[in-house]
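Since the structure comes first, as structure tokens, the remarks are kept for the end.
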Amino acid sequence: MKVSYLNDQFFSRLEALSLNLRMNLAGYFGGKHLVRTYGQTVEFADFREYQLGDDIRRIDWNLFARFEKHFLKLFTDERQMQVQIFLDCSASMGKDNPQKSAYTVATAAALGFLAVHDMDKVSFHLMKGTSSENPFGTIVGKEAFFRAISSLNNLVFDEETDIEKCVTSCTNTSTNNGISIIISDFFTDTDWKKAVDYLCYKRRQVLLIQILSPEEDDPSYDGRYSLIDSEAVDISDTKNMRLRITRSLQKAYEQAMIDLKKDISSFCAKRNVDFISVRSDNPIERVVFGELLKVGIMS
């Protein structure tokens, strides 16, 4: 049964929020993000003394009449940022779990909506295999956004994903002009950390969102089970196994999950990267209004 969180009520609840960029922005003019440099907006910021070569049209002649010195009026600068959303489309993200796949799409859609609502650019990079697809191009404006979302809602999750190669091979990752977001469960043997280092090298603000199903985060199995990996090539794949699940095995899994989250969190903290981990059985509002606000990615 297909699950979807995307409706008018979902997006209307997001209109009071906006993405929060901590670093200075070298993006395009015309956005709503204040930067530390001065620009050409109508909002006054400060004065400074005139220097040879400055535009004389910016001289404040009222101050000259009072102080007999030339001062320039300085105004705030607002920029438009680029928001990249890298979406893990591997089988473990929802091939056999409609709730997890719908939750993943809704999280990506929420972040994309916040971008276009703030007059920013957004692009959805669908990570499959060793490359990422950008089927909608650079999205500007809500009309183009909702056209893309109607297709994103039919996304198919299948096979494996190499996060490192998908991110580092992306051709439109600009430098120091916005936020890059990776949405995944991070159940991968590939080196996703190199993808994060690459984005940090490009001086982008980075956010990692780990989405887990209840069964992945806290399984309650007991007895003998045939465990079939959703990303296995066929039934004979060595990833598949038959196990007798005991309490000690459950404890080992719990500890492995704790260690995985700690490893991601520790790695991100050393690079000033934001990280949240959420379960797909929690209300989607908890991600948007709770976890993302908590780490300061939204305001």
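The values are calculated or read from the model by the stated rules, or taken from the named source; none is laboratory data. Remember, it's a predicted structure, so these values are computed and weren't measured experimentally. Please note: Cβ atoms are built from the backbone with ideal geometry, for glycine as well, and neighbour counts cover all protein chains shown.
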Per the filter on region 143-176, residues more than 22 Å from V116 (Cβ to Cβ) and among the aromatic types (F, W, Y) are F157
With (1) touching a Phe, Trp or Tyr at 6+ places or on another chain (Cβ under 7 Å); (2) crowded, with 22+ Cβ neighbours inside 10 Å; (3) of a type outside the set (S, T, N, Q) as the list, and V116 as the residue in question, which single condition is left unmet?
(2)
Applying the selection to region 141-157, what residues are surrounded by 15 or more Cβ atoms within 10 Å (Cβ to Cβ) and more than 24 Å from N20 (Cα to Cα)?
L152, N153, L155, F157
Residues that are of a type outside the set (A, V, I, L, M, F, W, C) and within 14 Å of the chain's Cα centre (by Cα): list the strands (runs of 3 or more DSSP E) wholly contained in region 78-151 that include at least 3 such residues.
82-88, 121-128
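Go through the residues of region 263-279 one by one and say whether even a single one is surrounded by 15 or more Cβ atoms within 10 Å (Cβ to Cβ), touching a Pro at 6+ places or on another chain (Cβ under 7 Å) and either farther than 20 Å from L199 by Cβ or among the aliphatic types (A, V, I, L, M) (or both).
Yes, the conditions are met somewhere in region 263-279.
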Criterion (part of a loop (DSSP other than H, G, I, E, B), touching a strand residue (DSSP E or B) at 6+ places or on another chain (Cβ under 8 Å), within 30 Å of S150 (Cα to Cα) and modelled with pLDDT under 75) met by exactly one of L21, L25, L17
L21
Cβ-Cβ under 7 Å pairs, at least 6 apart or on other chains, region 272-292 side in the same structural domain as A108 (by TED's automatic domain parsing) and farther than 17 Å from K261 by Cβ, far side aromatic (F, W, Y) and at pLDDT below 85
I284/Y5
